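Visitor: Sharing a structure below in structure tokens format, with a few things to ask.
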Amino acid sequence: MSFEINLNDDNGSSIDGFMQWSARGTQDGSIAPGNFYISDSGEKSTFESIKKDGVIFDIYNMKTGWNKWEGTANLWEWNENLVDWKASPGEDWKQGLQMEVSDGTQVYIWRQSGTAVMQGMSKLAKLINGNATGKLPKVKLKSAEPIKFKSGTSTNVPIFEILSWEDRPFPLEARQDMNKSGDDAEF
């Protein structure tokens, strides 16, 4: 008699890591200020593709909402659509987003909140609005724009440019098909 078990460590998600914006650099010094990085299994590396060749933003499956850290939990309250924002669920909640990003061969999740991220996406939305006709934007990080708050603190906002409009690459197509079939676990 034999026993087998498959815990399906990756939840069938086919995600290659998480993309994050680092406005001020990471605390461990591994990522310089004004850079995106990929985090996978605790390892961080600067996401060079977004600065060199650009990456595909899956704007059609993007979500926006409210985020709050509570103890060790990262809580999200998602909006019903990309146009209408729900009222803030309460104190200490920040606006944020989630979308899949592909460099053509791999898929990353960008799930992040905060002023820098939302201002960067707001500027990109002005370039997208009226131009998205079923294709996805290939986006490049052009620069990081410093902004100062009234409190005296500052941050860096990602400034994007759209290089082209592309058909959905296979890795994003496969993820979309998986999500439609319901086989993908919530992450």
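Bear in mind that the values in this text are calculations on the coordinates, not laboratory data. Keep in mind that this is a model prediction, so the values were computed, not measured. In this analysis, Cβ positions are derived from the backbone assuming ideal geometry, glycine residues included, and neighbour counts consider all displayed protein chains.
Visitor: Within the range 70-80, how many residues are under 19 Å from Val117 (Cβ atoms) and assigned to a loop (DSSP other than H, G, I, E, B)?
Guide: 1
Visitor: Is there a residue being part of a strand (DSSP E or B), among the β-branched types (Val, Ile, Thr), over 13 Å from the mean Cα position of the chain (by Cα) and surrounded by 11 or more Cβ atoms within 10 Å (Cβ to Cβ) anywhere in the range 141-156?
Guide: Looking through the range 141-156, at least one residue is part of a strand (DSSP E or B), among the β-branched types (Val, Ile, Thr), over 13 Å from the mean Cα position of the chain (by Cα) and surrounded by 11 or more Cβ atoms within 10 Å (Cβ to Cβ).
Visitor: Select, from Asp84, Asp92, the only residue that is under 23 Å from Lys135 (Cα atoms) and not in a strand (DSSP E or B).
Guide: Details: Asp92 fails: under 23 Å from Lys135 (Cα atoms).
Result: Asp84 is the single residue among Asp84, Asp92 that is under 23 Å from Lys135 (Cα atoms) and not in a strand (DSSP E or B).
Visitor: Could you list all residues from the range 45-69 that are of a type in the set (D, E, K, R) and either over 21 Å from Ser143 (Cβ atoms) or in a loop (DSSP other than H, G, I, E, B) (or both)? Break it down stepwise before answering.
Guide: Taking the range 45-69 and keeping what is of a type in the set (D, E, K, R), we get 48, 51-53, 58, 63, 68.
Result: Glu48, Asp53, Asp58, Lys63, Lys68.
Conditions (1) in contact (Cβ under 8 Å) with a residue 12 or more places away in the chain; (2) exposed (fewer than 13 other Cβ atoms within 10 Å of the Cβ); (3) within 18 Å of Trp21 (Cβ to Cβ); (4) over 18 Å from the mean Cα position of the chain (by Cα), marked per residue:
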site	(1), (2), (3), (4)
Ala116	yes, no, yes, no
Met121	yes, no, yes, no
Leu124	yes, no, yes, no
Asn131	yes, yes, no, yes
Leu136	yes, no, no, no
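Visitor: OK, next. Counting only residues that are in contact with a Phe, Trp or Tyr (Cβ under 6 Å, 6 or more places away or on another chain) and assigned to a strand (DSSP E or B), which one in the range 122-140 is farthest from Met62 (Cα to Cα)?
Guide: Val139
Visitor: Still on this model: Return the pair list, or none, for Cβ contacts closer than 6 Å from residues in the range 32-43 that are crowded, with 16+ Cβ neighbours inside 10 Å to residues that are β-branched (Val, Ile, Thr) and in a loop (DSSP other than H, G, I, E, B), at least 6 apart or on different chains.
Guide: Partner pairs satisfying both residue conditions: Tyr37/Ile31.
Visitor: State all residues of the range 97-113 that are under 24 Å from Glu173 (Cα atoms) and either without any contact (Cβ under 8 Å) to a residue 24 or more places away in the chain or assigned to a strand (DSSP E or B) (or both); if no residue qualifies, say none. First the steps, then the outcome.
Guide: Initial filter on the range 97-113 (under 24 Å from Glu173 (Cα atoms)): 97-112.
Across the range 97-113, the qualifying residues are Leu97, Gln98, Met99, Glu100, Val101, Ser102, Val107, Tyr108, Ile109, Trp110, Arg111, Gln112.
Visitor: Let me ask you something else. List every residue pair whose Cβ atoms sit under 7 Å apart, with the two residues 6 or more apart in sequence or on different chains, where the first one lies in the range 47-71 and is of a type in the set (D, E, K, R) and the second, anywhere, is surrounded by 15 or more Cβ atoms within 10 Å (Cβ to Cβ) and assigned to a helix (DSSP H, G or I).
Guide: Asp58/Leu172
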